[in-house]
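The values are calculated or read from the model by the stated rules, or taken from the named source; none is laboratory data. Computed from a predicted model, the values in this text were never measured in an experiment. Here the Cβ positions follow ideal geometry from the backbone for every residue, glycine too, while neighbour counts run over all protein chains shown. With ligands, DNA and RNA removed, areas are computed over all heavy atoms of the protein, side chains included. Shrake-Rupley method; radii C 1.70, N 1.55, O 1.52, S 1.80 Å.
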Amino acid sequence: NNFRANDSFPLFPRNFLFGTASSSYQFEGAYLADGKGLSNWDIFAHEPGNIADGSNGDVAVDQYHLYLGYELSSESFPSPAHRASLNGIVITFLQCLGIFLLEKDIELMEDIGINTFRFSISWARILPKGRFGDVNIAGIKHYDKLINALIEKGIQPFVSLTHYDIPQELEDRYGGWLSPQIRKDFAYYVSICFKYYGDRVKYWITLNEPNVVAIRGYRSGIYPPARCSATFGNCSSGDSEREPFVAAHNMILSHFAAVNLYRAKYQGEQNGNIGITMNTVWYEPISNSTEDKLAAQRAQSFYMDWFLDPIIFGKYPEEMTRSLLPNFSYDYLKNGIDFIGINHYTSYYAKDCLHSTCVQGPGITKTEGYFLRTATKNNIPIGEPTEVDWIYVYPQGMEKMVTYLKNRYNNTPMFITENGFGEIPQPDSSINSFLNDNKRVEYMKSYLDALISAMRKGADIRGYIAWSLLDNFEWLSGYTTRFGLYHVNYTTLKRTPKSSAQWYKQFILNFTAFEVVNHSMS
Ligand code: GBH
């Protein structure tokens, strides 16, 4: 066992967070319930041909209803004490009848023993029409109950303010992230979240993977709002060379608006932390040549530093400004982060395309940074391929990625906010083949081992959050790709632990000693 405690690294730090992640559109379902407005993903997934299996997130894994045990309504039983005592009796009664035996998601989390749960708030549930309409009180109440239920079990809520989905209203009115107006909408929305939940939420992520949103929404156009130019994809309109940078710029300004607001009005009293989560890919230079090493660095600059540099240093990476970007350097926009959230799954090779010619392939244009991304070198893949075409098992990439961030950003506190392994089982496979997910266990072990290695060398890692608690709606792949520690039967919505859930539970038990901690970073 790689993880045996020793004198120099006896255990994970006491306040280390172990969790699982989720997001509103992938988990909640209830897409029209209780006054929720439509999001860009509701609209996009309903468009025929966009999602591999023709599915959508209308129901997803119905976490909106299934996160907690069945409850008696407060209308019929106004006294909380009365309600609480009756509630137990009713559930026991139902269980005796053998019905409604679904274990609810909060209980699953408790079973695994995690001390944080990452979820996102659906903007359109809180503000169905953005700032052009009312606050939806039913939406406010939903997350209020979820947060309370988590805290009651000792599970810290780790909250993303957006995870790809935004109210469609903002697309229709002014083109969403393409307009600087969105900054005002975002600030209004987050102020509501801070105000209602900030007393209990100590970890805020402004944006999940803004780099993916910018690239897939506005360059390749495979995510909403599906904008691109003809040479980059198959969209009806857009400009792949310009719009990703405009959208990204507005996301960065929106991030700052949220951070400045939080720091000015809420952080002092609420004592929480605010950060951003980036999708990260480790790039190995395909050869030892200086050109290929610079190409690998450009790959980072054009993907991740694109956001983190302006947020932390106040300016875009140099490689980018030379070619493309609006000048952006204001002294007051700096240190706009308490922690970096890292989603990390895979690695690739990078080959230089600035000094040599690359005929075709991802990465090669000026807009992308003149490097060629490949998964293989001399026909040998960088790591074991998996059923998910973009994931190669290369745990060294985790250590290298974290070390790169540590060095570039002066060891800003970091959380792994996602890491996980996807499978695409045959729909008619036996339940056992779904549950014996030894490859996922091996993947998680090896990536955690690499993470520990980086921590031993001084990287300030504060937590590890696995993607994902449950199988769920995997965006373009619909329900065909499964990332869960728990299997979900999409007919009954029943959740069943896979081997990985048991393994994770044991891992957490063996290597941590949780206690109540002060959740302030400073
Ligand atoms: C995350 O990103 C998401 O945050 C999460 O919602 C999702 O369920 C999870 O991962 C698993 O997929 O684009 O070919 O250059 C997923 C989207 C897929 C975007 C891989 C970046 C990197 C390789 N990412 N992709 S590529």
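Assuming charge only on the beta carbon of Lys and Arg (+1) and of Asp and Glu (-1), the dipole of the chain about its Cα centre is about 1060 debye to the nearest 20.
Of all lysines in the structure, the ones whose alpha carbon falls short of 17 Å from that of Lys439, not counting any fewer than 8 places away in one chain, are Lys498, Lys505. In this Cβ point-charge picture (+1 for Lys and Arg, -1 for Asp and Glu), the range 365-437 has a dipole of about 660 debye about its Cα centre. Counting only DSSP H runs of at least 4 residues, each contributing -39500 (n - 2.57), and dividing by the residue count of the chain, the helix-based mean residue ellipticity at 222 nm comes to -10500 deg cm²/dmol. Among His249, His46, His344, His65, the order of accessible area from largest down is His65, His46, His249, His344, computed with a 1.4 Å probe on protein heavy atoms.
In the chain, Cα pairs under 8 Å separated by at least six residues give a relative contact order of 17 percent.
The mean sequence separation of alpha-carbon pairs under 8 Å and at least six residues apart, normalised by the residue count of the range 382-522, gives a relative contact order of 25 percent. Along the charge dipole of the chain, Cβ charges K/R +1 and D/E -1, which of Ile337, Ile364, Gly54 sits furthest on the positive end? Positive-end residue among those listed: Ile337. Look at the dipole of the chain built from charges on Cβ: of Leu451, Ser22, Tyr490, the Cα furthest out on the positive end belongs to Leu451. Counting only DSSP beta bridges with both residues in the chain, the antiparallel share comes to about 25 percent. In the complete set of protein chains, residue-level accessible area for Met304 is approximately 0 Å², probe 1.4 angstrom. Magnitude of the charge dipole for the range 186-336, about its Cα centre and with charges confined to Cβ atoms of Lys, Arg (+1) and Asp, Glu (-1), is about 500 debye.
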